[in-house]
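Asker: Input: one structure, supplied below.
The values are calculated or read from the model by the stated rules, or taken from the named source; none is laboratory data. Since we're looking at a predicted model, the values are computed, not measured. Cβ: placed from backbone, ideal geometry, glycine included. Neighbour counts: every protein chain shown.
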Amino acid sequence: MRALDIEKEIKKGLKPGYIIMGDDEYLKRFAKESLLATIPKEERMFSYIPMDLEGANKTDIGSVIAAADTYSMFGANSMKMIDVQPFSRDLTKDEVKRLSEYFDNPSEDAFILFEGAEKAEDALVGLCEEINCNKCNDMDLYIFVDKRRAKMGYKMDSQLEKDLIKLCSNDFGRVVGELEKLMLFAYDTKEITREMLDLLVPANLDMQVYELTNELSKGENGKAIDILNKLLTRGEKPSGLLSILYTTYRRIFQIAISQAPDDVIATTLKMSSGALFMNRKLIQQNKNKDIKYVPKLKEAIKYLGSLEYDMKTFKITEDMALSLAMSYLISMQSGKNAKR
């Protein structure tokens, strides 16, 4: 099954086992979160069970099966999700046999998810439902956008949907993020227009760095690092990314402390009204979580500026400067003191 079809397939009934396969990290996360959504939030402390076949807290296949077979404390109508973390080894013949015996007579109130097991894929594909997370083509993305906005009760012209995908460079993660932003902006009218698309979805590097800062502000460090790695993989220089990070946080700080009308701020900072709207929303979310957010912003700007200076004077490399910047920003959002 394709990851994009997982919500539809889940409605037909959960399978005893799943294996995530493919190269799109956002689709992998989307597939996992879709499965996790079948477990009520109030039950997840006991019904979502992550397990690791490698690492310091490693367990074994027998324990995975035992966790699935254990009766749910929430009753017969509740499900458990046994989440086997990615592992890099193959399965032994005995492990394959034990899993095969389990899936011949699986628990009715649990399912097992193998998040990633490249060397064990051949064995697991024969036992579990495969979730294909390879990168989407244009038509897949178009169908996804069309169904998602319709499901949420929004109107959007088909050409606008295609333009949104093009602006996002066919990146599923960006398409999802930008569509959610557009729906938020069009919440009152429930209709996404050309003006909104032009206002909110510029296809530029600055916007992707803004998305990175937005994920950091929500504590989604993994997603922020994914965005950063994609930018580096496509050839963006660490020095350029650090410069944009500094500019972005300085702009957020200026918006946070300014008492000027929005049109004056937008003109002064050379921003669209849509970008200003999203920055204000980001600032308010952070201020609600941390009353010291604005002072922390000021300190972050100083720190990022000092990193830029040290990089330009060859005291540290650009890779080190960017790494230190990300470590600081992650620590700042988590409430910890970050020091070089």
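Asker: For L228, work out the one condition from (1) within 25 Å of E33 (Cα to Cα); (2) not assigned by TED's automatic domain parsing to the domain that holds K292 it doesn't fulfil.
Answerer: (2)
Asker: Name the residue, out of M139, M196, M183, that is part of a helix (DSSP H, G or I), surrounded by fewer than 13 Cβ atoms within 10 Å (Cβ to Cβ) and either hydrophobic (A, V, I, L, M, F, W, C) or assigned by TED's automatic domain parsing to the domain that holds D226 (or both).
Answerer: Sole residue among the options that is part of a helix (DSSP H, G or I), surrounded by fewer than 13 Cβ atoms within 10 Å (Cβ to Cβ) and either hydrophobic (A, V, I, L, M, F, W, C) or assigned by TED's automatic domain parsing to the domain that holds D226 (or both): M139.
Asker: On to the next question. When the residues of segment 3-54 are narrowed to those that are among the small types (G, A, S) and touching a residue at least 24 places away in the same chain (Cβ under 8 Å), which ends up farthest from T70 (Cα to Cα)?
Answerer: G22
Asker: Now, a different point. Go through (1) in a helix (DSSP H, G or I); (2) within 26 Å of F172 (Cα to Cα) one by one and return the number of the condition E236 breaks.
Answerer: (1)
Asker: Could you please find all residues in segment 150-168 being assigned to a loop (DSSP other than H, G, I, E, B), surrounded by 15 or more Cβ atoms within 10 Å (Cβ to Cβ) and modelled with pLDDT of 90 or more?
Answerer: Y154
Asker: Across segment 4-27, what is the number of residues that are touching a helix residue (DSSP H, G or I) at 6+ places or on another chain (Cβ under 9 Å), closer than 27 Å to E101 by Cα and not hydroxyl-bearing (S, T, Y)?
Answerer: Number of matching residues: 10.
Asker: Now a separate question. Select, from A321, A325, A256, A300, the only residue that is of a type in the set (G, A, S), surrounded by 14 or more Cβ atoms within 10 Å (Cβ to Cβ) and in contact with a Pro (Cβ under 8 Å, 6 or more places away or on another chain).
Answerer: So the residue among A321, A325, A256, A300 that is of a type in the set (G, A, S), surrounded by 14 or more Cβ atoms within 10 Å (Cβ to Cβ) and in contact with a Pro (Cβ under 8 Å, 6 or more places away or on another chain) is A321.
Asker: Within segment 73-87, restricting attention to residues that are of a type in the set (S, T, N, Q) and under 29 Å from the mean Cα position of the chain (by Cα), which residue is modelled with the lowest pLDDT?
Answerer: Selected residue: S78.
Asker: Which one of these does D188 not meet: (1) acidic (D, E); (2) loosely packed, with under 15 Cβ neighbours inside 10 Å; (3) assigned to a helix (DSSP H, G or I)?
Answerer: If we test D188 against (1) acidic (D, E); (2) loosely packed, with under 15 Cβ neighbours inside 10 Å; (3) assigned to a helix (DSSP H, G or I), just (3) comes out false.
Asker: Here is a further query. Which is out of contact with any helix residue (DSSP H, G or I) (no Cβ under 9 Å at 6 or more places or on another chain) and either over 30 Å from T313 (Cβ atoms) or without any contact (Cβ under 8 Å) to a residue 12 or more places away in the chain (or both), of E191, E215?
Answerer: E191
Asker: Taking segment 48-84 as the region of interest, how many residues are farther than 21 Å from N105 by Cβ and touching a strand residue (DSSP E or B) at 6+ places or on another chain (Cβ under 6 Å)?
Answerer: The number of residues fulfilling the criteria is 4.
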